[in-house]
Amino acid sequence: MSQYDFPDARGHFGPFGGVYVAETLMAALDELKAEYARAKADPAFWQEFNYELKHFVGRPSPVYHAKRWSELLGGAQVYLKREDLNHTGAHKINNAIGQALLARRMGKKRVIAETGAGQHGVATATVAARYGMECVVYMGAEDIKRQAPNVFRMKLLGATVVPVESGSKTLKDALNEAMRDWVTNIDSTFYILGTAAGPHPYPMLVRDFVSVIGEEAKVQMPEMIGRQPDVVMACVGGGSNAIGTFYPYIDVPGVRLLGVEPAGDGLETGRHAAPLASNAPVGVLHGSRSYLMQDENGQIIETHSISAGLDYPGVGPEHSWLKDSGRADYVAVTDAEALAAFHDCCRLEGIIPALESSHALAQAVKLAPTMAKDQAILVTLSGRGDKDINTVAGLMGLTL
Amino acid sequence: MNRIAATFARLKAAGEKAMIPFITAGDPHPNLTVDLMHGLVDGGADIIELGIPFSDPMADGPVIQRASERALVHKVGLRDVLAMVKTFRQSNQTTPVVLMGYLNPVHVIGYPQFARLAADAGVDGVLTVDCPPEEAVELSAALEAVNLDPVFLIAPTTPEARVREIARLARGYVYYVSLKGVTGAGNLDIGDVARKIAALRQFIEVPIGVGFGIRDAETTRAIAGTADAVVVGSRLVQEIESATPETAREQLTRLVATLKAATR
Ligand SMILES: Cc1ncc(COP(=O)(O)O)c(C=O)c1O
């Protein structure tokens, strides 16, 4: 098998990716690219990154055999990669630390971020506090309502949370607003982008920082079961936890990669946020070319998902490439399926998963019974569900 | 000579600079756009920049975001914008029209197809804000194949090597973004812009327009002292916001007239 070597020098994954931004940002992206190339070749950078992951985040995160659940499903054994146990409760912190270290190398004292579920906002606020940086987080007004605990956490950590009232008031609009801030404060500010999307070099560097998930699993799975899993799965919003899980496995033959998107009310209703699974057309948004939910005029469609972190009309360009090249498959599960898996995970395994991660779990619920008992599925449990308890209570007709 | 080149040649002979107003197609209502375009010309507009509404206008400040939102209430798409230009052309064959917007509405039509439709409608140039030269090879080729000008941005942050590259690719004119920020921002430094334009002249042969943050005749006059064209957008959109459908055209004509006077 030929070595997988993407993106190319200009950020392209086949026909996807690239640098589609206004001219004002080009120099800053070139600078970031150059600084990352230097950092990448600097052992001291990775030494510090790994030190932070170990001592601040608490890595490595364990792989856990969900035994009761597997037995009940009656097929493949389900293993969970426990990113929920990270400091701040999700995989987002891995990327936030990597980018904050880059920001520090570049002498930037102010960081900004967009956030959907609030996990990336919390991660960014956390590292900003840790490194003594000013932090501004843009968050859709709609998401501020659904993720109130995370908003308060960011404030406790000293960040300023700016509600975004434009458009659909969700993640994509927060990203627009963060870009507007960046273009205005380009000299002082580092934009810590929270997912494997955006203009080059973001999809690449986010992937590299989050790949610690797959790197660890690649060592842990053989320790546990004597071999690699048959299927590796993760939920896909912008695609960071999924690419962080998949990337180290791309060159491993026999391991199926499966991304799970949010089908919302159902793909057939149009109320979803699954550009890959729904075969959306290719488009250009937020700096890169990728599959994108849009209408016939090229306007971005308002998406729907029970989970704020997956409620995004686009997807990181590398996932579009993995789909087209056939290396990964993408499916979608509905709000209802994700919610059922959320409750199962709580009751059967004693783990409250994030609603985002519950999508990947729901797919495991569908897939495991179709597989043999000696087969193994690794699911990245991207985050914990503490932030979601208000949403879930609301759906159960309760107020906390 | 295409309409853009002819316009700059005429202005040069007259010792004037170009006044380029920007409005968003479909704002406040698609039925009014052609009329407003004629109103801009009545006030002395030399070139019209016509905004293509987009759901996610990342490079725009709140004023032009709202213009897009108003147009999108009426579902104004790029094909509708082209139809407006075509109607405008029925009674105006001289004023260049440059479409300005984001890449996705163009991308969804397909570059060669879009270029043909735009040429057929009487468009003269196209500026896609989120498509820097690196990604513009196919679009530029499609535009040039039908004699449309790809217009590029240059920013205060653009280093010299990029300026040289943009100079090589630019057709019609280049658009110098006068500040670090979004459209309609208020941190314009006139002295800084003048120095920058002088530096750009070393490399750039096509005319240089300046926009972002220019709001009044006084600033227009100052910028016109060094640039070849002055672009005013957010201020005009605000005028539309403050007008009624009945008064919008007249208000735009009056405002453009004061701005045009500052370029003479
Ligand atoms: C726990 C969790 N999982 C997944 C996601 C989705 O992001 P991505 O697709 O980049 O992993 C989020 C985003 O907020 C999240 O908080």
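Between the amide H of A:LEU285 and those of A:SER290, distances stay under 5 Å, these residues lying 5 or more places away or on another chain, with hydrogens modeled in the peptide plane. What the Kirkwood sum gives for segment A:107-188 is a hydrodynamic radius of 12.2 Å, with every pair of different alpha carbons counted.
Between segment A:43-60 and segment A:292-324, what is the C-alpha centre distance in whole Å? The two parts, judged by their Cα centres, are 32 Å apart. With a 10 Å cut-off around each Cβ of A:296-306, the average count of Cβ atoms from other chains is 5.
A straight line joining the Cα centroids of segment A:182-216 and segment B:211-235 runs 36 Å. A Gaussian network model of chain A, with springs between Cα atoms under 10 Å, assigns the largest mean-square fluctuation among A:GLU268, A:GLU356, A:GLU52 to A:GLU268.
With the Cα gyration tensor of segment A:198-268 giving a ≥ b ≥ c as the square roots of its eigenvalues, does the rule (a/c under 1.5 for rounded; else a/b larger than b/c for prolate; else oblate) give rounded, prolate or oblate? Judged from the Cα gyration tensor, segment A:198-268 comes out oblate (a/c at least 1.5, b/c at or above a/b). Evaluating 6.51 cos²θ - 1.76 cosθ + 1.60 at θ = phi - 60° for every residue in segment B:48-54, the Karplus couplings come out as 10, 9, 10, x, 8, x, 9 Hz, glycine and proline recorded as x.
With neighbours defined as other Cβ atoms within 10 Å of a residue's Cβ, the residues A:THR195, A:THR269 order from fewest to most as A:THR269, A:THR195. Considering only A:LEU72, A:LEU285, A:LEU171, the mean-square fluctuation computed in a Gaussian network model of chain A, springs between alpha carbons under 10 angstrom, is largest for A:LEU72.
Near B:VAL177: Cβ cut-off under 11 Å, other residues only, Lys/Arg at +1 and Asp/Glu at -1. The net charge is +1.
Considering only DSSP beta bridges whose two residues both sit in the protein assembly as shown, what percent are antiparallel, to the nearest 5?
In the protein assembly as shown, approximately 20 percent of DSSP beta bridges are antiparallel ones.
The HN-Hα couplings worked out from phi for segment A:273-281 by the Karplus form 6.51 cos²θ - 1.76 cosθ + 1.60 (θ = phi - 60°) are 9, 10, x, 7, 5, 8, 6, 5, x Hz, whole numbers, x standing for Gly and Pro. Here segment B:132-216 was treated as a single set of alpha-carbon atoms; its pair distances binned every 10 Å from 0 give 17, 48, 29, 6 percent. Counting, for every residue in B:151-157, the Cβ atoms of other protein chains within 10 Å of its Cβ and taking the mean gives 4. Its alpha carbons give chain B an Rg and a Dmax of 16.6, 49 Å. Taking only the Cα atoms of chain A, the radius of gyration and Dmax are 19.3, 57 Å. Take chain B and mark each of the GluC sites (Glu not before Pro) that is in a DSSP loop with at most 13 other Cβ atoms within 10 Å; the longest unmarked stretch, sites excluded, is B:1-204. What residue among A:ALA217, A:ALA196, A:ALA340 shows peak mean-square fluctuation when chain A is described by a Gaussian network model with Cα springs under 10 Å? Most flexible of the set in this elastic network: A:ALA340.
Each residue of segment A:227-233 is assigned a 3J(HN,Hα), and the resulting list reads 6, 7, x, 7, 10, 10, 10 Hz, derived from the Karplus form 6.51 cos²θ - 1.76 cosθ + 1.60 (θ = phi - 60°), x at Gly and Pro.
Using the alpha-carbon centroid of each, what span in Å lies between segment B:98-159 and segment A:117-160? After rounding, the separation between the Cα centres reads 38 Å.
Can you give the mean number of other chain Cβ atoms that lie within 10 Å of the Cβ atoms in peptide B:84-90?
That works out to 0 on average.
Amide H contacts of B:LEU188 (H built 1.01 Å from N, in plane; Pro and chain starts excluded): no residue 5 or more places away or on another chain comes under 5 Å. With the convex hull drawn around the C-alpha atoms of segment B:80-225, the volume per residue stands at 123 Å³. Within segment A:141-240, the trypsin sites (Lys or Arg not before Pro) that combine a DSSP coil assignment with at most 13 other C-beta atoms in a 10 angstrom radius are A:ARG227.
The alpha-carbon of A:LYS33 sits under 19 angstrom from the alpha-carbons of these lysines, leaving out residues fewer than 8 places away in its chain: A:LYS108, A:LYS109.
With 5 Å bins beginning at zero, the pair-distance distribution over Cα atoms of segment B:151-264 amounts to 2, 12, 22, 21, 18, 12, 7, 4, 2, 0 %.
Restricting to lysine pairs 8 or more places apart or on different chains, what number in segment B:3-259 have Cα atoms under 27 Å apart?
Lysine pairs meeting the criterion: 6.
Annotation: amide H of A:ALA117 within the under-5 Å range of A:GLY309, sequence separation 5 or more or interchain, hydrogens built in the peptide plane. Here A:LYS218 is the anchor, and the aspartates and glutamates within straight C-alpha reach of less than 16 Å, apart from those fewer than 8 places off in the same chain, are A:GLU83, A:ASP208, A:ASP230, A:ASP251.
Every number here is computed from the coordinates shown, using simple stated rules; none is lab data. Predicted model only: the values in this text are computed from it and were never measured. Using ideal geometry, Cβ is built from the backbone for each residue, glycine included, and neighbour counts are taken over all protein chains shown.
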